[in-house]
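Coordinate-derived values only; no laboratory data. Note that this is a predicted model, so its numbers are computed, not measured. Don't worry about glycine lacking a Cβ; one is built from the backbone with ideal geometry, like all the others, and counts go over all protein chains shown.
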Amino acid sequence: MTAQIISGTEIAKQIREELAREITKLKEKHNLVPGLATVLVGENPASQVYVGQKEKTSLALGIYSERHDIPVETTQPHLMALVDKLNNDPKIHGILVQLPLPKHLNETEVLYAINPKKDVDGFHPVNVGKLMIGEPDYLPCTPHGIQQLLVRSGVEISGAEVVVLGRSNIVGKPIANILLQKKEGANATVTICHTGTRDISFHTRRADILIVAAGRPKAVTSDMVKEGVVVIDVGVNRIGKTPEGKAILTGDVDFETVKEKASAITPVPGGVGPMTITMLMTNTVRSAKLAAGLV
Ligand code: NAP
């Protein structure tokens, strides 16, 4: 069997087109423009690229976008004051503080200061708790993107054995939580594996859906999966550079061999990656609608 390739690029494009139509309608019918503020401290090149992409996508969709570039030597009180100002700005529905912050700043204090209603990343403990009890305002972007990839590819999640490799707070734990809820696009039986798991292959070989977020190239090889498995590869590993200096990326799954056994698989790049920013836009629009009492 050669797997169907689940294209995050295509599915993200579909969702962005839907969002653009929704944003136009919100403007026309309710005079409502969703607004996203991004905050970048310092000049980390990767962070600059991520923030740039978020800003560009917002503008392309018709979301009001405000970018705050702050010098690396900024102080904690200064950053907290900016978060406070954005919390109280009615034009802004989503606040995104790009991580990592420079070492002298307290990341946790900054993230916890964001009003949970504007926490479009979904990392605030209030939003983590709401997800856990099945009443989320926002789903964190990468896991939400993974769920959309499965749903929009027609993968049956209800009743499926889902195995997640990795237990980080930004991918592993939230995707496990999302897929175990008694809801549409969920209702799976979920197992989470990590470096303390005794026999990882025992679990991965049972998986109908395998989600890999380990941050290790080839953490999953073809002998670890069963025929017909659906594989979502979240990993982004930089394994070198092209002669032109462009990063060569690979996922956590041995794509070439696993695709011969899987029924469907995401590529890296072009799988989960394009979904993350798109779901940030989805959350910003949702936040605007929540603030206006439209949902
Ligand atoms: P992380 O915080 O480093 O967590 C990795 C998790 O995987 C840990 O729980 C670790 O276990 C577990 N692990 C590591 N090696 C393993 C192995 N061989 N078998 C089983 N479990 C293993 O990573 P993360 O932030 O979740 O990110 C994971 C990957 O996804 C990274 O490559 C990251 O770049 C990528 N990512 C991509 C996107 C995107 O938008 N495409 C977004 C976020 C992350 P322990 O807890 O026991 O250490």
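Can you list the lysines whose alpha carbon is less than 16 Å from that of Lys25, not counting same-chain residues fewer than 8 positions off? The reachable lysines, counting only those whose Cα sits under 16 Å from Lys25, are Lys289. Peptide packing: for 164-174, 255-265, the average count of neighbouring Cβ atoms within 10 Å per residue gives the ranking 164-174, 255-265, highest mean first. Listed values for the range 93-100 are Karplus-derived 3J(HN,Hα) couplings in whole Hz (6.51 cos²θ - 1.76 cosθ + 1.60, θ = phi - 60°), namely 9, x, 10, 10, 9, 6, 9, x, and x replaces Gly and Pro.
For the chain, the longest principal axis of the alpha carbon atoms and the long axis of helix 141-152 meet at an angle near 50°. Close amide H partners of Gly122, meaning residues 5 or more places away or on another chain with modelled amide H under 5 Å apart, do not exist here. Its Cα centre serving as origin, the range 141-274 has a Cβ charge dipole (Lys and Arg +1, Asp and Glu -1) of approximately 380 debye. Protection proxy ranking for 236-245, 84-93, using the average of other Cβ atoms within 10 Å per residue and placing the highest first: 84-93, 236-245. Diffusion coefficient of the range 29-116 by Stokes-Einstein, Kirkwood radius over Cα pairs, 37 °C, 0.692 mPa s: 243 µm²/s. Among 147-155, 111-119, 199-207, the peptide with the highest mean count of other Cβ atoms within 10 Å heads the list, and the full ranking is 111-119, 147-155, 199-207. Within the shell of other residues whose beta carbon sits under 14 angstrom from the beta carbon of Thr195, the net charge comes to +1, with Lys and Arg scored +1 and Asp and Glu -1. Around the amide H of Ile70, modelled in the peptide plane, lie the amide H atoms of Leu40, Val41, Gly42, all under 5 Å away and 5 or more residues distant in sequence or on another chain. Can you tell me the 0 to 90 degree angle between the C-alpha axis of helix 273-291 and the longest principal axis of the chain, rounded to 10? That helix lies at roughly 40 degrees to the long axis.
Between Val83, Val268, Val49, the Gaussian network model of the chain with springs among Cα atoms under 10 angstrom shows the greatest mean-square fluctuation at Val49. For the chain, the Kirkwood hydrodynamic radius comes to 19.9 Å, computed from all pairs of different C-alpha atoms.
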